[in-house]
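One structure below.
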Amino acid sequence: MKNFLGTPLSEEDFKKKNFCYETWIANCFYAWDCGKAIGRYLEGLKEGKILGVKCPKCEKIMVPPRVFCEWCFVRTEDFVELKDTGKINTFSISYISWDVKRLEKPQIPAVIEIDGASPGYGILHLISEVDPKEVKIGMRVKAVWKEEKEREGKITDIKYFKPY
Ligand SMILES: [Zn+2]
């Protein structure tokens, strides 16, 4: 069987830039409808709230919200405000930015299980204000929000999560 795992880049590869990538500014315009559930979620973020949705059948509370429960296949319309705290479910320490730039200070993307949601439901965000060596699965974290007037109804209305 062929190995599809690829070849990891070494320190030497980064120094010599032994890889290729391209960036460009796409000259296109588009509109995207985020839908009812995510639309409400983004409105909540603008108000400084993390919203989930509760399944009327199994009562799971899911975040981010969705229009139906993927376990019961029933419509979900009962939005509930969750806490802006949670625990780290999984994380990574990344020294490469999303656009393939070397980072001196690593980013720590993590899946955070939000308090008030059912176990296993969480959101992907960044962890900060902590030594990367101290980050652990299960660590308690709290959202650090942008100032109210700066919020736009985006996931980045939460700047990051920090231990508390
Ligand atoms: Zn359900």
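The values are calculated or read from the model by the stated rules, or taken from the named source; none is laboratory data. Here the structure is a predicted model, which means the values were calculated and not measured. Every residue, glycine as well, gets a Cβ built from its backbone with ideal geometry; the counts of neighbours run over all protein chains shown.
Quick look at the values:
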quantity: Within the stretch 1-18, tally of residues that are closer than 13 Å to residue 102 by Cα and either surrounded by 10 or more Cβ atoms within 10 Å (Cβ to Cβ) or at pLDDT below 75 (or both); calculated: 4
quantity: Count - residues of the stretch 38-61 that are within 16 Å of the ligand (Cβ to nearest atom) and either under 16 Å from the mean Cα position of the chain (by Cα) or at pLDDT below 95 (or both); calculated: 1
quantity: Among the residues listed as 98, 32, 71, the single one being within 16 Å of the ligand (Cβ to nearest atom) and either assigned to a loop (DSSP other than H, G, I, E, B) or more than 22 Å from residue 156 (Cβ to Cβ) (or both); calculated: 71
quantity: Test for residue 53: is it surrounded by fewer than 18 Cβ atoms within 10 Å (Cβ to Cβ), touching a Ser or Thr at 6+ places or on another chain (Cβ under 9 Å) and assigned to a strand (DSSP E or B); calculated: no
quantity: Qualifying positions in the stretch 74-84 - within 16 Å of the ligand (Cβ to nearest atom) and in a strand (DSSP E or B); calculated: 75, 78, 79, 80
quantity: Sole exception among (1) within 16 Å of the ligand (Cβ to nearest atom); (2) without any contact (Cβ under 8 Å) to a residue 12 or more places away in the chain; (3) acidic (Asp, Glu) for residue 13, by number; calculated: (1)
quantity: Residues of the stretch 82-99 satisfying the condition of being exposed (fewer than 13 other Cβ atoms within 10 Å of the Cβ) and among the β-branched types (Val, Ile, Thr); calculated: 90
quantity: Single residue of the stretch 102-147 satisfying the filter (free of Cβ contacts under 8 Å to residues at least 12 places away in the same chain and part of a strand (DSSP E or B)) that is surrounded by the fewest Cβ atoms within 10 Å (Cβ to Cβ); calculated: 104
quantity: Output for the stretch 148-164, where each listed residue is β-branched (Val, Ile, Thr) and either touching a residue at least 12 places away in the same chain (Cβ under 8 Å) or touching a Phe, Trp or Tyr at 6+ places or on another chain (Cβ under 6 Å) (or both); calculated: 155, 158
quantity: In the stretch 97-140, the residues that are among the β-branched types (Val, Ile, Thr) and over 30 Å from residue 56 (Cβ atoms); calculated: 100, 108, 127, 130, 135, 137
quantity: Sole exception among (1) farther than 27 Å from residue 147 by Cβ; (2) part of a helix (DSSP H, G or I); (3) within 25 Å of the chain's Cα centre (by Cα) for residue 25, by number; calculated: (2)
quantity: Selection from the stretch 70-101 of residues that are closer than 29 Å to residue 15 by Cβ and in contact (Cβ under 8 Å) with a residue 40 or more places away in the chain; calculated: 91, 93, 99, 100
